[in-house]
Amino acid sequence: MRGRALANRLGESLLLIPGVMVLGAILLELVLSRVDRSLEPGTLPRILRLSSEASIQLLSTIAGATITTVGVVFSLIVVSMQLASGQFSPRVLHTFFRERMGKVVVGLLTAVFTYCVLALRALPEDLGSKTSEVPHLTVDVAVLLTLVSVLALVMYLHRIARRQYVGGIIASITGETLRRVDDLSRAGRALRAKDVPDVSGLGPPLVVSARDNGWVQQVSTPGVLAAVPPGSVLRLETRVGAFLARGIPLATIWPHPGKEETVSRALQAAVVVGDRRTTYQDVDFGLRQLTDIALRSLSPAVNDPTTAIEVVLRLASILRPLLLAELPAQVLVVENGSTLLRPWDLDHSEYVRHAFDQLRLYSAPHPQVAVALVRTLRMLWEAVEGMDRPEARTELERQLALTLQGCERANLLPADLETVREAAAHAQNPLQRFEHGPTLPQLH
């Protein structure tokens, strides 16, 4: 679990890939310099036939240009993140930190700079040296690396321009969240559930407290269960995506396991806490990011309801498979007799509430957004019809009713209000009406 958390942090690091590429450039220059010294003149074909003085000028020019371009690329990365934070949401910045292309370009430019600086020492000190004494292979490779860097830079400029398109950011967040939904669904099918055990006769429990402040990023179910003796009942007092404060209860164990310090360390190691939320196990954070983008787009400063409509559609594409999936049971039993209680894990109705509670408030003055929202709610209600999802159906009905009430109080034009009501009263297909559906409030 700690290894996965470390891999996630390294994946967002701006230094790892450039550092590895710089080391590669150092090794490449050392190898090519030795090859140049060991080969007879004319053994290999030459791209350029330069004198020692021309080679020094060429390598110096390349080194100066690349290190200057590195600063420009870093500025582009910072500016793009600043624009994304201001226009969309600060919580979408992690998608930019995970962007590999920018790191590769910075690493390639830095590697070319390092290679050229080291290659200068392999050139003859006498500027009037013969052409045959110049390490042509080393110089030719420097030129090739420069051409590759220029091509990579052009591709990155094209990519970063497209990266600012809001639809691409929304699609990226949606895809990442859908992968987490698939993981959640597989976990729900794999784990077995049973009734909540009676812990009243198990004696005094051990309460393990959190040792760090921060967001719960990951919880390893096997690691948590391995931390307690067989036959124990363990109740997690938190969930992925929750905020922990140092000293508050992290888990409660019945009966008292005895080795308090050992058990506490093992449990704390199985729960990864960081200074920010991630989507590695947190579906709710994906919904939060999309909702933030929609709320920002509906603010008077931005006033972009089209983006809010796209967010609503993306939320529908996430919530439909999420509502149809079997979530991991909040009571789990394993082969050694241990029981894991996770009462704070989100259920289907809470996911619906987190997705739409704020969005319906700010969409009420925008009839087009409200129409997309009620159609989405109606579609989701239809999707869970006939399934064992009473809480989800009730929450969808509640959200639909509150959305309509909000539209009424937003003083929409009668025609716009009627359009919203028609969208709420029909299925997604306008030619198909529900024979049975949620009871909607009467709007006057």
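The values are calculated or read from the model by the stated rules, or taken from the named source; none is laboratory data. Here the structure is a predicted model, which is why all the values come from computation and not from measurement. In this analysis, Cβ positions are derived from the backbone assuming ideal geometry, glycine residues included, and neighbour counts consider all displayed protein chains. These accessible areas exclude ligands, DNA and RNA; they are computed on the full protein's heavy atoms, side chains included. Shrake-Rupley method; radii C 1.70, N 1.55, O 1.52, S 1.80 Å.
I'd like to check which helices (runs of 4 or more DSSP H) are fully inside region 331-419 and have at least 2 residues that are among the polar types (S, T, N, Q) and surrounded by fewer than 20 Cβ atoms within 10 Å (Cβ to Cβ).
Working: elements: 348-363, 367-383, 390-409.
Answer list for region 331-419: 348-363, 390-409.
State the number of residues belonging to region 297-325 that are modelled with pLDDT of 90 or more and open to solvent by 20 Å² or more (accessible area, probe 1.4 Å).
Matching residues across region 297-325 total 10.
With over 30 Å from Thr66 (Cα atoms) and open to solvent by 40 Å² or more (accessible area, probe 1.4 Å) as the only criterion, which of Arg179, Arg159 stands out?
Numbers: Arg159 fails: over 30 Å from Thr66 (Cα atoms).
Answer to the selection: Arg179.
Of (1) closer than 15 Å to Val333 by Cβ; (2) part of a strand (DSSP E or B); (3) in contact with a Gly (Cβ under 9 Å, 6 or more places away or on another chain), Gln217 satisfies all except one. Which?
(1)
So, in region 52-75, of the ones that are in contact with a helix residue (DSSP H, G or I) (Cβ under 8 Å, 6 or more places away or on another chain) and open to solvent by 60 Å² or more (accessible area, probe 1.4 Å), which residue ends up farthest from Leu144 (Cα to Cα)?
For region 52-75, the residue satisfying everything is Phe74.
When you check Val143 against the structure, is it open to solvent by 50 Å² or more (accessible area, probe 1.4 Å), at pLDDT 85 or above, assigned to a helix (DSSP H, G or I) and of a type in the set (A, V, I, L, M), yes or no? Working first, answer last.
On the way: open to solvent by 50 Å² or more (accessible area, probe 1.4 Å): no; at pLDDT 85 or above: yes; assigned to a helix (DSSP H, G or I): yes; of a type in the set (A, V, I, L, M): yes.
Judged against the criteria, Val143 is not a match.
Here is a list: Arg288, Arg320, Arg296, Arg314. Which entry is part of a helix (DSSP H, G or I) and over 18 Å from Arg180 (Cα atoms)? Can you show your working first?
Values: Arg288 fails: over 18 Å from Arg180 (Cα atoms); Arg320 fails: over 18 Å from Arg180 (Cα atoms); Arg314 fails: over 18 Å from Arg180 (Cα atoms).
From the options Arg288, Arg320, Arg296, Arg314, the qualifying one is Arg296.
All but one of (1) in contact with a helix residue (DSSP H, G or I) (Cβ under 7 Å, 6 or more places away or on another chain); (2) open to solvent by 80 Å² or more (accessible area, probe 1.4 Å) hold for Leu206; which doesn't?
(2)
Name the residue, out of Asp182, Asp198, that is at pLDDT below 90 and either part of a helix (DSSP H, G or I) or at negative phi (or both).
Values: Asp182 fails: at pLDDT below 90.
After ruling out the rest, the residue left standing is Asp198.
Keeping to region 94-128, report how many residues are open to solvent by 30 Å² or more (accessible area, probe 1.4 Å), in contact with a Ser or Thr (Cβ under 6 Å, 6 or more places away or on another chain) and either under 30 Å from Glu310 (Cβ atoms) or at pLDDT below 65 (or both).
Result for region 94-128: 1.
If Arg277 meets every condition in (1) open to solvent by 10 Å² or more (accessible area, probe 1.4 Å); (2) out of contact with any Phe, Trp or Tyr (no Cβ under 7 Å at 6 or more places or on another chain) apart from one, which number is that one?
Only one criterion in (1) open to solvent by 10 Å² or more (accessible area, probe 1.4 Å); (2) out of contact with any Phe, Trp or Tyr (no Cβ under 7 Å at 6 or more places or on another chain) is unmet by Arg277, namely (2).
Restricting region 252-265 to residues that are open to solvent by 40 Å² or more (accessible area, probe 1.4 Å) and not charged (D, E, K, R), which is farthest from Val181 (Cα to Cα)?
Our first condition is that a residue be open to solvent by 40 Å² or more (accessible area, probe 1.4 Å); within region 252-265, this holds for 255-256, 258-262, 265.
Filter again for not charged (D, E, K, R), leaving 255-256, 258, 262.
Values: Pro255: 34, His256: 35, Gly258: 38, Thr262: 34 Å.
Residue satisfying both the conditions and the ranking: Gly258.
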